[in-house]
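Novice: Here you go, one structure.
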Amino acid sequence: AMAVSPALLFVDRNLLARKQNARLDRQNDLGWKLFGKVPLRENAQKDSKKIQKEYEDKAGRPSKPPSPKQNVRKNLDFEPLSTTALILEDRPANLPAKPAEEAQKHRQQYEEMVVQAKKRELKEAQRRRRQLEERCRLEESIGNAVLTWNNEVLPNWETMWCSRKVRDLWWQGIPPSVRGKVWSLAIGNELNITHELFDICLARAKERWRSFSTGGSEAENEDAGFSAADREASLELIKLDISRTFPNLCIFQQGGPYHDTLHSILGAYTCYRPDVGYVQGMSFIAAVLILNLDTADAFIAFSNLLNKPCQMAFFRVDHGLMLTYFAAFEVFFEENLPKLFAHFKKNNLTPDIYLIDWIFTLYSKSLPLDLACRIWDVFCRDGEEFLFRTALGILKLFEDILTKMDFIHIAQFLTRLPEDLPAEEVFASIATIQMQSRNKKWAQVLTALQKDSRDVEKGSPSLRH
């Protein structure tokens, strides 16, 4: 094969480049402005500013760069560049020209697309504006509520907490900055627990943890009657439950900022109430309190909250008393939602299937956290009655869906509620529930049912073994 000299290769490359440039010059400029881009001319090194000026002159636009304010599209006036180029530009010179009818049709289609795009943009802008206005109203409302709670209610708690004005504030939701203080006052401290007692219980819990971790066998005399196996089971259950407490927040799990705090409160409680120990669900209640209170105050509120009759009945698994609560719930269920009540009865769906989880965790596991805190707000005001009123409100909210489901699907739905429940819809549904049956309120119905355990078992066989 003959060797080709470098000079000959150089000549051939230059010749090829000149032919390509000649073809580019012959093509119509307008046909190559796809997506608003200007093709390179024969002078590839032309100044970029000059190219920009030529393009702006052809497009009829000012060469002055837009200011930041001009970059904001006011009145949603815009034109999609790709649509403009594809429809409005002439065809390349090597293709036949568009017929007049086709060009007019394309122009009309283009204008229709622009109109629809503007409508969509306008609708989206209006939606964002409404969201912004709603957020501003909410922030202003919260700010005013904080002032009212701090300046009027909290300094005069004993005389104002049950007033109509404060009850309305409670229903609207307690501002997060004062929520912990209000909860502490509302829950009270009937057990007279002090910070010092919490420290003592925590020290005992830590000593117990060390004993089990080192394999020690020393028993604690004050816990006589409770086996080491039971205490060890409680400690293991606490570790397991903490890892499953609000996992999406990632603050209570191992290494999280509140892991040790939650572990301390639950451990201290097992020493304070060894007769109750740790029961699944407690971790969620303690976690919500930790998010709103200091550690010692959270322990005080936690212990007093679990000492309430309803919570104690559930956490000590008092079957007879739990049946009484379920029977009372069904009285108001039938009163408020007779159609759904009959459907549940037809499918043999008893209250324990969905109520146990709701009551054990005070809805903090079943509902979004912000909504659960609002439920807690009114629960602190109205007591256990509101827990069952909330359950009826949830059932009413989804009544149309639930009446079309069978046993399995109802149970699955109620044990895994939608994650995007709007608070206002839930509270609007709760507001329609009347906790009065035949002129008897919740407490009266509950007391009457407690007097006759036989009627309780006959009316709600959900936990009968």
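The values are calculated or read from the model by the stated rules, or taken from the named source; none is laboratory data. Small disclaimer: the values here were computed from a predicted structure and weren't measured. Using ideal geometry, Cβ is built from the backbone for each residue, glycine included, and neighbour counts are taken over all protein chains shown. Note: areas computed on protein heavy atoms with side chains; ligands, DNA, RNA excluded. Shrake-Rupley method; radii C 1.70, N 1.55, O 1.52, S 1.80 Å.
Novice: Scan 414, 387, 395 and give me the residue that is open to solvent by less than 10 Å² (accessible area, probe 1.4 Å) and under 19 Å from the mean Cα position of the chain (by Cα).
Specialist: 414
Novice: Criterion first (open to solvent by 20 Å² or more (accessible area, probe 1.4 Å) and either over 20 Å from residue 329 (Cα atoms) or part of a helix (DSSP H, G or I) (or both)) does residue 400 satisfy it?
Specialist: Answer is yes for this residue.
Novice: For region 344-351, does any single residue satisfy the condition of being among the β-branched types (Val, Ile, Thr), in contact (Cβ under 8 Å) with a residue 40 or more places away in the chain, open to solvent by less than 10 Å² (accessible area, probe 1.4 Å) and out of contact with any strand residue (DSSP E or B) (no Cβ under 6 Å at 6 or more places or on another chain)?
Specialist: Within region 344-351, not a single residue is among the β-branched types (Val, Ile, Thr), in contact (Cβ under 8 Å) with a residue 40 or more places away in the chain, open to solvent by less than 10 Å² (accessible area, probe 1.4 Å) and out of contact with any strand residue (DSSP E or B) (no Cβ under 6 Å at 6 or more places or on another chain).
Novice: Is it the case that residue 377 is more than 15 Å from residue 326 (Cα to Cα), of a type in the set (Asp, Glu) and touching a Gly at 6+ places or on another chain (Cβ under 8 Å)?
Specialist: yes
Novice: Among the listed residues 235, 293, identify the single one that is modelled with pLDDT of 95 or more and within 23 Å of residue 204 (Cα to Cα). Even if it seems obvious, please write down each step before you answer.
Specialist: On the way: 235 fails: modelled with pLDDT of 95 or more.
Only one candidate passes the filter, namely 293.
Novice: Under 8 Å between Cβ atoms, at least 6 apart or on separate chains: pull out the pairs that start in region 370-389 with a residue that is in contact (Cβ under 8 Å) with a residue 12 or more places away in the chain and closer than 15 Å to residue 426 by Cα and end on any residue that is surrounded by fewer than 20 Cβ atoms within 10 Å (Cβ to Cβ) and among the acidic types (Asp, Glu).
Specialist: 389/382
Novice: When region 143-155 is examined, which residues are found to be among the hydrophobic types (A, V, I, L, M, F, W, C) and out of contact with any helix residue (DSSP H, G or I) (no Cβ under 8 Å at 6 or more places or on another chain)?
Specialist: Selection gives 147 alone.
Novice: Residues in region 317-332: is at least one under 29 Å from residue 249 (Cβ atoms) and either open to solvent by 30 Å² or more (accessible area, probe 1.4 Å) or not aliphatic (A, V, I, L, M) (or both)? Explain how you work it out, then say what you get.
Specialist: Initially, region 317-332 is screened for residues under 29 Å from residue 249 (Cβ atoms), giving 317.
Those left that are additionally either open to solvent by 30 Å² or more (accessible area, probe 1.4 Å) or not aliphatic (A, V, I, L, M) (or both): 317.
The answer is yes, given that some residue of region 317-332 is under 29 Å from residue 249 (Cβ atoms) and either open to solvent by 30 Å² or more (accessible area, probe 1.4 Å) or not aliphatic (A, V, I, L, M) (or both).
Novice: Report whether or not residue 302 is out of contact with any strand residue (DSSP E or B) (no Cβ under 9 Å at 6 or more places or on another chain), free of Cβ contacts under 8 Å to residues at least 40 places away in the same chain, open to solvent by less than 40 Å² (accessible area, probe 1.4 Å) and under 19 Å from residue 388 (Cβ atoms).
Specialist: Spelling it out, it is not the case that residue 302 is out of contact with any strand residue (DSSP E or B) (no Cβ under 9 Å at 6 or more places or on another chain), free of Cβ contacts under 8 Å to residues at least 40 places away in the same chain, open to solvent by less than 40 Å² (accessible area, probe 1.4 Å) and under 19 Å from residue 388 (Cβ atoms).
Novice: Let me ask something else. Just to be sure I understand the filter: pairs with C-beta atoms under 8 Å, separated by 6 or more residues or on different chains, first member in region 156-171 and within 18 Å of residue 141 (Cβ to Cβ), second member among the hydroxyl-bearing types (Ser, Thr, Tyr). Which pairs pass?
Specialist: Close Cβ pairs (under 8 Å, with a partner that is among the hydroxyl-bearing types (Ser, Thr, Tyr)) amount to 169/148.
Novice: Sticking with this structure for a sec: Go through (1) out of contact with any Cys (no Cβ under 7 Å at 6 or more places or on another chain); (2) assigned to a helix (DSSP H, G or I); (3) modelled with pLDDT under 95; (4) among the small types (Gly, Ala, Ser) and name the single condition residue 184 misses.
Specialist: That leaves (3) as the condition not met.
Novice: Got at least one residue in region 119-136 being open to solvent by 40 Å² or more (accessible area, probe 1.4 Å), touching a helix residue (DSSP H, G or I) at 6+ places or on another chain (Cβ under 8 Å) and either at pLDDT 85 or above or among the polar types (S, T, N, Q) (or both)? Outline the logic, then answer.
Specialist: If we filter region 119-136 for residues that are open to solvent by 40 Å² or more (accessible area, probe 1.4 Å), which is where we start, we get 119-124, 126-136.
With touching a helix residue (DSSP H, G or I) at 6+ places or on another chain (Cβ under 8 Å) added as a condition, the list becomes 121-122.
Imposing the further condition that a residue be either at pLDDT 85 or above or among the polar types (S, T, N, Q) (or both) reduces the set to 121-122.
Yes, the conditions are met somewhere in region 119-136.
Novice: Taking the criterion of being touching a helix residue (DSSP H, G or I) at 6+ places or on another chain (Cβ under 9 Å), of a type outside the set (A, V, I, L, M), open to solvent by less than 50 Å² (accessible area, probe 1.4 Å) and modelled with pLDDT under 90, would at least one residue in region 449-457 satisfy it?
Specialist: Checked against the condition, which is being touching a helix residue (DSSP H, G or I) at 6+ places or on another chain (Cβ under 9 Å), of a type outside the set (A, V, I, L, M), open to solvent by less than 50 Å² (accessible area, probe 1.4 Å) and modelled with pLDDT under 90, region 449-457 yields no hits at all.
Novice: Another one. Would you pick out the residues in region 172-209 that are more than 19 Å from residue 266 (Cα to Cα) and open to solvent by 60 Å² or more (accessible area, probe 1.4 Å)?
Specialist: Listed by number, the residues that qualify are 172, 176, 177, 181, 185, 190.
Novice: Here's something else I'd like to know. Please enumerate the residues belonging to region 410-443 that are in a loop (DSSP other than H, G, I, E, B), closer than 18 Å to residue 358 by Cβ and β-branched (Val, Ile, Thr).
Specialist: 433
Novice: Would you mention how many residues in region 260-308 are farther than 22 Å from residue 181 by Cβ and out of contact with any helix residue (DSSP H, G or I) (no Cβ under 7 Å at 6 or more places or on another chain)?
Specialist: 3
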